[in-house]
Amino acid sequence: EDPDADKKFIRINRAYEVLKDEELRKKYDQFGEEGLDDSHSGKGYHSWTYYRDNFGIYDDDPEIITLSRTDFDASVSGSDTPWFINFYHPMCSHCHTLAPDWRWLSIELQGVVRIGAVNCDDEYLLCSQQGVRGYPSLIAYPGKEKFYLEKTRELLASFILDRLPTGHGIPVTTGMLYNMRRLHSAPDKHVLLSNKPWLLASFSSNKLFDDFKMTLTKLAAIFSLNISLGDEDVLLQYYPSALVLGSATAILADDRSAQDIAKDVLALLPPLPLIDNDEFTKLHSEIVSSSSGTEGSRQPGWLVQFSSENDDVDDELRKLAGLAAPLPCHRVLCSSLSPGLDCDSLSITKTPAFVLFKPGGGYEMHHVILYPHYGRLMAQDIANFAREAAGAPHFCTLTPKEFPSVLSAGSIWFIDFYAPWCPPCMRLLPQFRKASVLMQLEHRPVQPVHFASFKSSVLERRSNEIWVVDFFANWCGPCIAMAPEYRRFSRIVSSIEDVFVASVDCADYGSFCSEQGVRSYPTVRIYRPNARPNDFSTYNDYARDAASFKRWLYSHLPSSVTALNDRTFEQILRSSEPWLVDFFAPWCGHCHVFAPEFEDMARRLEGKVKLGKVDCQAFQWLCQGAGVGAYPTVMFYKGALKTQNARQNPRGELLNTLDPDAIVSHLTWRLQQEEEVASRKTLPKDEL
């Protein structure tokens, strides 16, 4: 008898069980023997089948942009470009079921909306920050709106197209076209009469308009142009300017996709203006000298496309001037430039290349670091780069000629040595740029105060001033550990008027600190406004970080947020003004953390949206009527219609994020939507 017969029988029986069970067979294909172990004590590796079928579902799809955290921050969070993003997990069966429809959507809306995907197995932190709690999660940006409907192709497409700010364009009648020249000379110029090129789609019946509506929506999003709707025969006409109503170019529209029509329209758009060496030198001198101008007159930047005679013609770049506005854009041939300020001196080795020149003489070059599978430059990417680079005037590229002067300048420089072909370098570059912006932000540093100035600055402070003072000793370990957070706190609150952050080194002024009653280090005090000279509050919290200092300071500042009760909340529901309301509970720790952020939003949205807060412990029934199920909950009320007895639903628009930047971005976008709707309702009427 075979001594191993028992083991062989168990192995054969186990194999038979796996083969006959579909779920076990799938687990074995994906994870091998480890997948059959119910103890889940895997070694962290997967089978070849897993990496072939499940790992990175959309990595090989050229139309779908797979985003990392760095890509997301640069292209989604920092942009007004419409995105529809699929947050998925490679082990999610529903995600694989959705994949064919997501690929169809990316092809159907190519050039209209950016279709993206985030692998939450790789980017867990990003998915967590975006509030992803299940897979797949489909979210539209800007606005961060989640898709909750059935995931059919038609519903997916209509969901994102309905959220495009461009809509179907501006409806125009024949009489308005006739009166365009006269309207342009009127004191109140209508939004229709812009200097952009525009595309007129005219129809002989409502049915034809309904059939063509989807294509119009896509075209409006592709170009962000004014697509006007009239009442003539079925026709698409391109006008180079709203002021030139003759000699329009007709475009065949019947049975063609929006992408095909867009190619014809792109070819009609004007290219970037071509300038010669003299004009380039003059404009470069102007941008260099503009750093000495006033804030209002200073030119933020100048975008230049460096080309050669052999470059392929790419109509995609014709959209750049409109997308990058108000930054001026020009094109120049490398062969036309004089030595000293030419392509060689700027280390341009391949054309076309795009450079953003900054006030004072600095510049940044655009690198194709995102979505290389596109195989070409995308106008929207270049425009996003130009805006980000223009917002970082102290971040620049150093040439070999300039580098020695930095070493001998005597000032502090933070330099990144990188290579354009190095992926980690390219991922760092946007973060390095952001760091330069944070460092350049105008702020008051922590002011050192000695006994001679303490009386005049702090004790004799103006009635509206508030001083935060840290009494420390330079030999004190906890003081040294707290110092970076205290400096960070100073930067965070630097934009708040009449708030000053200072420090006193008690190692140098020991007797003075004793006179002020300082017995231990560090001691942080707030000297309150409208109080007696020596009236202060001492910080007693265990946490000594910037966020805790900020919450403590805000508890001593007048609030910009209106405290609401049941009567004032009812007034909001009937008001035509937009309101943002924070529903909180006094015992909720997260609410206390969020409160200073909500105060900051009140300052950022001043004049646009009013902010209020409701104590759900005191007004329990009010919060239940609003559908509040967790704290804090933030809801947006856009304003009631201006009709008699109009009232909003107490269950306002729920915001699924507590990130201040995301909320402000969403509200700005929502207000723009409301303005678009209002402007269409107030279009000038013709005589007919």
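Just name the residue that is modelled with the lowest pLDDT out of those in region 139-155 that are under 12 Å from V113 (Cα atoms) and buried (at least 21 other Cβ atoms within 10 Å of the Cβ). My answer is P142.
When S537, S490, S457 are checked against the criterion of being part of a helix (DSSP H, G or I), closer than 28 Å to E599 by Cα, over 34 Å from the mean Cα position of the chain (by Cα) and not assigned by TED's automatic domain parsing to the domain that holds A602, a single residue qualifies: S457. Residue count for region 496-512 satisfying the condition of being in a helix (DSSP H, G or I) and either touching a strand residue (DSSP E or B) at 6+ places or on another chain (Cβ under 8 Å) or under 23 Å from N530 (Cα atoms) (or both): 1.
The set of residues in region 97-137 being over 22 Å from the mean Cα position of the chain (by Cα), assigned to a helix (DSSP H, G or I) and surrounded by fewer than 22 Cβ atoms within 10 Å (Cβ to Cβ) consists of T97, L98, A99, P100, D101, R103, W104, I107, E108.
Quick one: which strands (runs of 3 or more DSSP E) lie wholly within region 576-688 and hold at least 2 residues that are at pLDDT below 90 and assigned by TED's automatic domain parsing to the domain that holds P82? Give the steps one after another, and end with the answer.
Working: elements: 579-584, 610-615, 633-637.
Result: empty, no element qualifies.
Here E1 clears all of (1) part of a loop (DSSP other than H, G, I, E, B); (2) modelled with pLDDT of 75 or more except the condition numbered (2).
Has region 493-514 got at least one residue that is among the charged types (D, E, K, R) and over 36 Å from the mean Cα position of the chain (by Cα)? Within region 493-514 (the criterion being among the charged types (D, E, K, R) and over 36 Å from the mean Cα position of the chain (by Cα)), the answer is yes, since at least one residue qualifies.
How many residues does region 409-428 contain that are part of a helix (DSSP H, G or I) and within 15 Å of H394 (Cβ to Cβ)? Steps first, please.
Of the residues in region 409-428, the ones part of a helix (DSSP H, G or I) are 423-428.
After this cut, where a residue has to be within 15 Å of H394 (Cβ to Cβ) as well, the list is none.
Here the count works out to 0.
Pick from region 482-533 the residues that are aliphatic (A, V, I, L, M) and without any contact (Cβ under 8 Å) to a residue 40 or more places away in the chain: which of them is surrounded by the most Cβ atoms within 10 Å (Cβ to Cβ)? Ranking the candidates gives A483 first.
Only one of T281, T294 is modelled with pLDDT of 80 or more, hydroxyl-bearing (S, T, Y) and either assigned by TED's automatic domain parsing to the domain that holds L105 or over 30 Å from I115 (Cβ atoms) (or both). Can you tell me which?
Details: T294 fails: modelled with pLDDT of 80 or more.
When all the criteria are applied, what remains is T281.
Between a first residue in region 398-426 that is closer than 21 Å to H366 by Cβ and a second residue that is hydroxyl-bearing (S, T, Y) and surrounded by 11 or more Cβ atoms within 10 Å (Cβ to Cβ), which pairs have beta carbons less than 7 Å apart while being 6 or more apart in sequence or on different chains? As it stands, the answer is T399/S345; T399/S347; C425/Y418, since those pairs meet every condition given. Within region 458-471, one or more residues are at pLDDT below 85 and among the hydrophobic types (A, V, I, L, M, F, W, C). Of the residues making up region 302-340, those that are closer than 26 Å to I222 by Cβ, part of a strand (DSSP E or B) and aliphatic (A, V, I, L, M) are L303, V304. Screening region 326-349 for residues that are free of Cβ contacts under 8 Å to residues at least 40 places away in the same chain and farther than 16 Å from P273 by Cα and picking the one that is surrounded by the most Cβ atoms within 10 Å (Cβ to Cβ) gives C343.
Please go through region 630-657 and give me each residue that is of a type in the set (V, I, T) and more than 22 Å from A595 (Cα to Cα), ordered by number. Reasoning before the result, please.
As a first pass, look at region 630-657 and keep what is of a type in the set (V, I, T): 633-634, 643, 657.
The one that is of a type in the set (V, I, T) and more than 22 Å from A595 (Cα to Cα): T643.
Filtering A543, A435, A452, A531 for residues that are at pLDDT below 85, aliphatic (A, V, I, L, M) and in the same structural domain as P393 (by TED's automatic domain parsing) leaves a single hit, A435.
Look through R551, R567, R544 and report the one residue that is among the basic types (K, R), outside any loop (DSSP other than H, G, I, E, B) and in contact with a helix residue (DSSP H, G or I) (Cβ under 6 Å, 6 or more places away or on another chain). Quick ask: steps written out before the conclusion?
Working: R567 fails: in contact with a helix residue (DSSP H, G or I) (Cβ under 6 Å, 6 or more places away or on another chain); R544 fails: outside any loop (DSSP other than H, G, I, E, B).
From the options R551, R567, R544, the qualifying one is R551.
The values are calculated or read from the model by the stated rules, or taken from the named source; none is laboratory data. All values reported here derive from a predicted model rather than from experimental measurement. Every residue, glycine as well, gets a Cβ built from its backbone with ideal geometry; the counts of neighbours run over all protein chains shown.
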